[in-house]
1. On C-alpha positions alone, give me the angle between the axis of helix 99-116 and the longest principal axis of the chain, in degrees, nearest 10.
2. For the range 10-130, what is the accessible area per residue in Å² when the probe is 1.4 Å?
3. Could you work out the local net charge near residue 51, counting Lys and Arg as +1, Asp and Glu as -1, over the other residues with Cβ closer than 15 Å to its Cβ?
4. Cα axis of helix 22-34 to longest principal axis of the chain: angle in degrees, 0 to 90, nearest 10?
5. Tell me the label-point distance for the pair residue 34, residue 9, using the 7 Å Cα-to-Cβ offset, in nm and rounded to one decimal.
6. The range 103-140 to the range 18-78: how many Å between their Cα centroids?
7. Taking 22 Å as R0, compute the FRET efficiency from the Cβ-Cβ separation of residue 79 and residue 160 and round it to 0.05.
8. Once neighbouring chains are kept in place and the probe is 1.4 Å, which whole percent of the accessible area of the chain is contributed by carbon and sulfur?
Amino acid sequence: MSNATTDIVRAVCPGSFDPITRGHLDIIARAAAVFSEVFVAVGRNTTKNYMFDFNERMRLCVDAVADLPNVQVAPIEGLLVDFCSERHARVIVKGVRFGSDFDYELQMSQLNRQLSGVETVLLPAGSEFGTISSSLLREVAFNGADISPFVTAAVNRAVLAKVGR
Ligand code: PNS
């Protein structure tokens with residue numbers, strides 16, 4: 001019989017993280033407070049043009065979660081459900097900012113559950129960084145404004161270097 005006090009439940013927080021933001025970190029930290037172990041799964045979305053290459057996105061994620069002891073960063077090579085199976089992770093955790101996020105995540109969660117039985121937990125985005133996105137921050141930085149409130153110091157430096165400041 002399951003013993004809720006000793007069960008290990010691993011969770012996966014997937015994304016492109018181009019770059020990782022404080023909004024992502026809020027979701028990752030909250031997942032890490034609920035689940036035994038959290039894998040930050042860094043993937044390639046073939047429909048996206050990235051600002052940071054894969055190794056840069058991985059490195060910035062590793063740096064950003066360094067103070068969360070039960071969080072690891074790993075690449076997704078194929079399907080997210082295979083990544084979860086290989087690591088015995090039963091749950092995918094995603095943040096939801098607004099209705100369009102929910103529509104997208106509902107479709108993904110149903111497909112992933114049909115493929116492998118993995119469950120998806122949707123966390124409402126925190127109020128402070130609720131509606132930021134990597135793409136908006138990239139646009140803001142390209143146009144010369146300060147994104148430092150929304151990212152770690154290392155990410156801010158990396159973005160400034162990319163935009164030539
Ligand atoms: O929302 P994002 O940041 O574009 O997500 C990127 C990523 C890599 C996490 C996502 O595209 C993904 O899960 N890729 C793995 C391939 C996969 O499993 N696709 C089917 C999902 S139902």
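1. The answer is roughly 40 degrees.
2. Values: 6430 Å² over 121 residues.
I get 53 Å² per residue for the range 10-130.
3. Here the count lands on +4.
4. Helix 22-34 and the main axis of the chain meet at about 20 degrees.
5. 0.8
6. Here the two parts' Cα centres lie 13 Å apart.
7. On the way: r = 35 Å, r/R0 = 1.58.
It comes to 0.05.
8. So the carbon and sulfur contribution to the accessible surface is 53 percent.
The values are calculated or read from the model by the stated rules, or taken from the named source; none is laboratory data. Bear in mind that the values here come from a model prediction, so they are computed numbers and not experimental data. No Cβ is skipped: glycine too gets one built from the backbone with ideal geometry, and neighbour counts run over all protein chains shown. Heads up: the accessible areas ignore ligands, DNA and RNA and are worked out on the full protein's heavy atoms, side chains in. Shrake-Rupley method; radii C 1.70, N 1.55, O 1.52, S 1.80 Å.
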